[in-house]
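For reference, the structure discussed in these notes is given below.
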Amino acid sequence: MQQILTTCPFCGVGCGIYLEAEVDRVLGAYPSVTHPANRGRICLRGWHVHELCITPARLRKPLLRKNGQLEEVEWEEAIRFVSERLESIRSRYGPAALAFLAGPRCTNEDAYILQKVARVVFGTNNVDHGYGAYTNTALEVLLRSLKVPASPAVIEDVGEADLLFIDQVDLSRQNPTVGGWVIRARESGTKVVAVSYRRDRITLQADIQLYPQPGTALWLYGAIAKVLWDRGFIDLEFLQKYCINADEVLRSVQQYDLLRAAEICDVPPQLIEEAATAYGKAKSALILCSTGGEARDPLDLHAVVNLALMRGHLGRKGAGLLVLTEHCNLQGVCDMGVLPGYLPGYTSVFEDEAMDRFQTLWGVRPPKKAGVTATDVFAGANSSGIRACWLMRFDPLILAGFSRAFEALRRMELLVVQEAFLSPIGKYAHVVFPLPAFGEEDGTYTSTERRVQRVRPVVFTSSVMPGWQLLTELAKRFGHRWAYSKPADVMEEIRQAVPFYSGIGYESLEHSFGRQWPCTQDRPGGTTRLFEDGLRERQFVMTPIKVPSIPAHPGPEYPFRLVFGQSLYFWHRDTYVNNSQVLLREHRVLLLDYPDGFVEINPTDAERLNIRDGRAIKISSPLQSVVTTARVTDEVRPGTVHVPFFVREVAEALWINGAEEIGTLSKPVFVKVEPCAE
Amino acid sequence: MRARLINRDDIVKLVRILMREYEVVAPFCSRGSDTVFDVVTEENIDKIQLHVRNPIYPPKRFVLPHVEQMFEFQMSEVGVSAIPTYNEKPRALFGIRSCDIAGIKHLDNFFLGREFVDPYYLRQRRNLFLVNVVCTEIGTDVGEYCFCLCADTGPAARDGFDLQLMDLGDVWMVVAGTERGSRYLDLEFMARGDDSHIKLRREILSRVRHQFFDKQTSWFSAAMRLITRLEVSESTWEKIGRRCLECGGCSFVCPTCSCFTVDDRRVSAGKAIRMRLWDSCALGGFTRMAGGFNPRKAVHDRRNRRFFHKLAYQFVLRDGSIGCVGCGRCAVVCHGAIGMPSVVEIIRRQELGSQD
Amino acid sequence: MDWNIYTPRPAIIDRVVDEIPGVKTFYWHFEDPQEEERFRKFLPGQFAQISIYGIGEFPASLPPSPTERELFFTIRKVGTCTAALHELGPGDRFGVRGPYGNGFRMDEYAGRNLVFVAGGIGLIPLRSCIVYALHKRDQYKKIQVFYGARTPKDLIFLNDLVGWQQSGLLECYVTVDRATEGWKGNVGLVTSLFRLPGVEVAVEHSTAFVCGPPVMFRFAIRDLLAMGYHERHIVSTLERYMKCGVGKCGHCCIGVAYVCTDGPVFTYEQIKELGEDI
């Protein structure tokens, strides 16, 4: 029996958990009491994570499609098939016809090698992580405004703040551990302001609760900024010294009108004023937002960053901005350059100097052209010309944003899937390579607070080749001899490729609870809070946000705003959830009451329209309509229709091409709702 | 009471002797100030911790594992056989705290003391040798969330152990609680003590008890009365329920919680296994029936349930003891800070209006 | 000797009968005749745990009377396990363990009138009791059965109902909420049968057995109490999510009672005290 500290593979909080294991069996899982991110608390998913390690549904041998059926084959046969097919596709269509996509649950080592294979072996920047449609906006915004594409604050700051400003994230579902931090902080006297379009568990406990209409956030932030300005809460000195565009931003702020904004948001003006005043008065105010479980308009996020800068609280304990990721290694796969426009360490593919560095490191110069995104591949209006696609721990079919991915998948001449379990994508795969499951895997994840930490193997299945190893083997077939014999070797190269990882080695990760980047030779212990040890002049870039125009409304006959989002836990139809009995049961609790899926609508609306819980409801946009089941709940605000991502029928019917922008919090779909005779 | 004295340095010898018969599990330090129960080997035997924060992962897992295989089913054309898969490994828990001893006693009564005897529990329990260590150091043994004094389970267990060790400063006192335990009192490094040691034991325990009052307390009695009489208002339960994020952690770490669910898994064409896994009444799916009816749909109904089962007098009668041993683990793992002490306090304040 | 309380004993399906859409009756016997003999000592109102090997286990009430020759289960398809059972046919194996629960106290009712009120598949747990009483007819006074379902298509144990009506040994009244073509019987809720001309519901020295969907249950209880029934003389069986059947898994615990070991038969007086929705 042994007790091994590892990192939870679900959300981005990066909870420290122990696995108890015996030779070849995982016996249980429990939290670390002193890990700084979770301090003894983990959510239901963490408590059942060991079930993933014991499911017999694990893939153990490669599967190759023969006569239409996936059949178990030896590794050599599968690798040979894949290399030959890749070579043939590349020679016929060129490197731009290949795409390499990773899910946000790949380890840093796997992700790094995947993008290296794409760039070095096949000469393409067609590399992306599958959640780019949602997340990359947030990263871009942070990179542009703060020059660092990650959260400046850390989770512990939630416990240190005087005021928490929760911006449109359902913490009880997406990052329950952080939700717990908020409840505990509130119990010890921290004031909580929450902006949400759902009455979720955490928002309901906030001292000030703002429920704006979806799509009106810019007015709300504008109005808050205006109150900050009017009451003298803006740290003008900080803005003048450290921020570019401060004057323009302050000018644009003054154009907002509280009463008008309140009317558009449908939030009482006093409440906005109260929230803004509380935020302005707080000695240390922390804003919590999400990198996007739902896609958001970049301007929305810029407005949030502006609010953080206006108080000048960055780099202070218990203050600033905490941007939460929903997957265990979303931060890491981005850091590793699994992005079509960035090499490892967010080096733009257009930066010549940096490219020289990679040429030295890799012996090959990556192409100076941004690649295609996952959205281009699966949700693009037309074919992006991709003929071969490599999917590592990524299944586009479980994402509503890619509800029509199967069209693109059918066109593929080669679809390679690397997964620990057979997921829906298997139906389209030509080859499936097993991956180590959680508990077998060795590597590192980077959490939402930039914490690079080990995920450790506790049981060993020699028959399964880890992702990096298979890819290294593939590279070898194409004449590239890479000398990695273990994940630590890959990390040694990552240290050279990613400057802010340069101080991280497996040795150093054995102490304490990982290292938070930037972790360099000069700062071997890593960096807890960004910007804590001083700021440079004009370091930040603010973005002026003009008063938006009222969105085009299709007319009074479409009074409801429909948004897609999370429901239940942030689980999708996750392969992980499907392989744990208790998680699956909990995931289905609501679904069992509404076996055909559901959309949520407020009781007052339901009563007025004679819509009953559990009964059929018809939703129509000016273009399309769909019939589904109503779930009548006061968790959603009046005037909105909330569609969980997994209710694909609605997504498919109402999701318009250019998918990621429509039906989001920033741009709801206007619909009408009526009861439907059964 | 049969007792002996042992030098601190000889404790390792005792462990080695136990290792001849048992797989010995003892507390160790891990990352940060985490502590874990782990198997003692020749490599780590010197690192066993006697004064240490009680590990969060409760030792109940050695009688009721987190995941436990119950059967292997072999299915063929000619028949089906259900082969029970028992774990009968002899195991000694070295350094189990008094609160956890009380937890195991509670589980014994539940799994073995009723009409139906649980065969899996029984086999693991009768092969389990318990070496209790009395909590004498404030700050390490007695952590910030401990309240065994209020649950009357510690700092020194009165029974339920095979052997009990207590730090008297210069020497340790060894007490045998069972016949099985008393065999070890005859080892050559065990010395006889005298009345002064008994006196010292009393003094130390009295000191520790008094120091407890600076720590967490949980005044059960009012809460038990109110819960038993169903006098806790719905709004109080709602207030408590709102803070529950439905992780199930409180049940998993609780030394007396025993609910489980059962899951079948197909391993290969003719083979399947049935296993049981820890379950929690905090979860929405816990009571939901296949037809769709859920008697405890609201989260506060489920929280209400937890505390009713732990504290209602009817259950105390049925189970033989209250369902809380004062280990404080639920207070550590709860996201919403609604572990047992806080809930008792919320109920007291809400229903009785007490301000202190 | 294997005394594992959780071991499912192999049973073989003899034949399957479609009752109504979604509900089938499975006639079966134990592979081991000794096991069968032991099991046959069950009481009306008890239940068993059915295993579908590799899928799971679920509780099911025992509709046959111990005085009958054949063993059978009548099962509605509601979840994965029941769906898996519905896939099975003659000769297929499944597992059974039990009987569990307290059952109806049939001797306590001796010399009393028995009034059965059932809605929909609520007749399944009551059937055992009715047939038992018929087989020991002289022990009881008047026997009345009031049964209602949504439509004529939803009436289960149709042959039994017809048989009972013709036997002259008991009064059997049947109704449907919604008549369909060809239905010549009563229309209305099961409680409307109490007020039919010529019907006189036994109240004095009577025990009422009520089983059915929650709404029907509440109405029936209300009417029975209004007629003068004491809460102690109204009996029902409770259903809960259950994993073990032997008081260990904790799922079925309501109030201080474990439905599996303290129930599933409770008087209305007890049910009220348990304090949870039915």
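Only residues that are in a loop (DSSP other than H, G, I, E, B), within 12 Å of another protein chain (Cβ to nearest Cβ) and surrounded by fewer than 22 Cβ atoms within 10 Å (Cβ to Cβ) were counted across the range B:13-42, and they come to 5.
Within the range B:169-176, one or more residues are among the small types (Gly, Ala, Ser), closer than 23 Å to residue B:50 by Cα, more than 14 Å from every other protein chain (Cβ to nearest Cβ) and out of contact with any Pro (no Cβ under 7 Å at 6 or more places or on another chain). For the range A:64-84, the count of residues that are crowded, with 24+ Cβ neighbours inside 10 Å and either touching an Asp or Glu at 6+ places or on another chain (Cβ under 7 Å) or not polar (S, T, N, Q) (or both) is zero. Residues being touching a residue at least 24 places away in the same chain (Cβ under 8 Å), closer than 18 Å to residue A:430 by Cβ and out of contact with any Pro (no Cβ under 7 Å at 6 or more places or on another chain) are entirely absent from the range A:126-138. Residue selection: residue C:261 satisfies the criterion of being out of contact with any Ser or Thr (no Cβ under 7 Å at 6 or more places or on another chain), at the interface with chain B (Cβ under 10 Å from one of its Cβ atoms), hydroxyl-bearing (Ser, Thr, Tyr) and in contact (Cβ under 8 Å) with a residue 24 or more places away in the chain.
Considering (1) farther than 30 Å from residue A:643 by Cα; (2) crowded, with 17+ Cβ neighbours inside 10 Å, the lone condition that residue A:202 does not fulfil carries the number (1).
For residue C:54, the test of being within 14 Å of chain B (Cβ to nearest Cβ) and in a strand (DSSP E or B) is failed. Just to check your reading of the model, which residue among A:538, A:529, A:523 is under 26 Å from the mean Cα position of the chain (by Cα), more than 30 Å from residue A:671 (Cα to Cα) and in a loop (DSSP other than H, G, I, E, B)? Going through A:538, A:529, A:523 in turn, just one is under 26 Å from the mean Cα position of the chain (by Cα), more than 30 Å from residue A:671 (Cα to Cα) and in a loop (DSSP other than H, G, I, E, B): A:529. Within the option set A:96, A:37, A:57, A:102, being within 14 Å of another protein chain (Cβ to nearest Cβ) and at pLDDT 90 or above holds for one residue only, A:37. Residue count for the range C:66-85 satisfying the condition of being more than 9 Å from chain B (Cβ to nearest Cβ) and surrounded by fewer than 17 Cβ atoms within 10 Å (Cβ to Cβ): 5.
Residues that are among the hydrophobic types (A, V, I, L, M, F, W, C) and part of a helix (DSSP H, G or I) within the range C:222-235 comprise C:224, C:225, C:226, C:227, listed in sequence order. Checked against (1) part of a loop (DSSP other than H, G, I, E, B); (2) aromatic (Phe, Trp, Tyr); (3) within 9 Å of another protein chain (Cβ to nearest Cβ), residue C:42 passes all but a single condition, namely (3). Scanning the range B:49-84 for residues that are part of a loop (DSSP other than H, G, I, E, B), away from chain A (no Cβ under 14 Å) and surrounded by 18 or more Cβ atoms within 10 Å (Cβ to Cβ) gives a single hit, B:50. Residues considered: A:314, A:286, A:321, A:271. Of these, the only one that is in a helix (DSSP H, G or I) and of a type outside the set (Gly, Ala, Ser) is A:271. Among the residues of the range A:100-110, not a single one is crowded, with 23+ Cβ neighbours inside 10 Å, within 30 Å of residue A:275 (Cβ to Cβ) and among the hydroxyl-bearing types (Ser, Thr, Tyr).
This table checks each residue for (1) modelled with pLDDT of 85 or more; (2) touching a Cys at 6+ places or on another chain (Cβ under 9 Å); (3) within 7 Å of another protein chain (Cβ to nearest Cβ).
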residue: B:232; (1), (2), (3): yes, no, no
residue: B:235; (1), (2), (3): yes, no, no
residue: B:238; (1), (2), (3): yes, no, no
residue: B:245; (1), (2), (3): yes, yes, yes
residue: B:248; (1), (2), (3): yes, yes, yes
residue: B:261; (1), (2), (3): yes, yes, yes
residue: B:280; (1), (2), (3): yes, yes, no
residue: B:286; (1), (2), (3): no, yes, yes
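Which members of the range A:183-219 meet the condition of being farther than 24 Å from residue A:600 by Cα, touching a strand residue (DSSP E or B) at 6+ places or on another chain (Cβ under 8 Å) and assigned to a loop (DSSP other than H, G, I, E, B)? Listed by number, the residues that qualify are A:190, A:207. Can you tell me which residue is nearest to residue C:150 (Cα to Cα) among those in the range C:218-238 that are surrounded by 20 or more Cβ atoms within 10 Å (Cβ to Cβ) and touching a residue at least 60 places away in the same chain (Cβ under 8 Å)? Among them, the one singled out is C:220.
The rows are residues; the columns are (1) away from chain B (no Cβ under 14 Å); (2) out of contact with any helix residue (DSSP H, G or I) (no Cβ under 8 Å at 6 or more places or on another chain).
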| residue | (1), (2) |
| --- | --- |
| C:182 | yes, no |
| C:189 | yes, no |
| C:209 | yes, no |
| C:233 | yes, yes |
| C:242 | no, no |
| C:245 | no, no |
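Listed here are the residues, each with its yes/no results for (1) in a loop (DSSP other than H, G, I, E, B); (2) touching a Lys or Arg at 6+ places or on another chain (Cβ under 9 Å); (3) modelled with pLDDT of 90 or more.
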{"site": "C:169", "(1), (2), (3)": "yes, yes, yes"}
{"site": "C:173", "(1), (2), (3)": "no, no, yes"}
{"site": "C:182", "(1), (2), (3)": "yes, no, no"}
{"site": "C:192", "(1), (2), (3)": "no, no, yes"}
{"site": "C:199", "(1), (2), (3)": "yes, no, no"}
{"site": "C:202", "(1), (2), (3)": "yes, yes, yes"}
{"site": "C:207", "(1), (2), (3)": "no, yes, yes"}
{"site": "C:220", "(1), (2), (3)": "no, no, yes"}
{"site": "C:242", "(1), (2), (3)": "yes, no, no"}
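Of all the listed residues (A:91, A:83), the sole one being in a helix (DSSP H, G or I), touching a helix residue (DSSP H, G or I) at 6+ places or on another chain (Cβ under 6 Å) and farther than 17 Å from residue A:447 by Cα is A:83. For the range A:501-542, the set of residues classified as among the aliphatic types (A, V, I, L, M) and within 20 Å of residue A:5 (Cβ to Cβ) consists of A:504, A:509, listed by residue number. Of the residues making up the range B:319-354, those that are facing chain A (nearest Cβ under 10 Å) and either part of a helix (DSSP H, G or I) or charged (D, E, K, R) (or both) are B:329, B:331, B:332, B:333, B:342.
The strands (runs of 3 or more DSSP E) falling completely within the range A:338-453 that include 2 or more residues that are among the β-branched types (Val, Ile, Thr) map to A:414-419, A:431-434, A:443-446.
Residues that are touching a Ser or Thr at 6+ places or on another chain (Cβ under 9 Å) and of a type in the set (A, V, I, L, M, F, W, C) occur in the range B:171-181; there is at least one. Checking each residue in the range C:13-38 for being closer than 13 Å to residue C:85 by Cβ and within 13 Å of chain B (Cβ to nearest Cβ) picks out C:13, C:22, C:23. Against the list (1) more than 12 Å from chain A (Cβ to nearest Cβ); (2) in a strand (DSSP E or B); (3) over 22 Å from residue B:139 (Cβ atoms); (4) touching a residue at least 24 places away in the same chain (Cβ under 8 Å), the condition residue B:46 fails is (2).
The values are calculated or read from the model by the stated rules, or taken from the named source; none is laboratory data. Everything quoted here is computed from the prediction, not taken from an experiment. Virtual Cβ from ideal backbone geometry, glycine too; neighbours counted across all protein chains shown.
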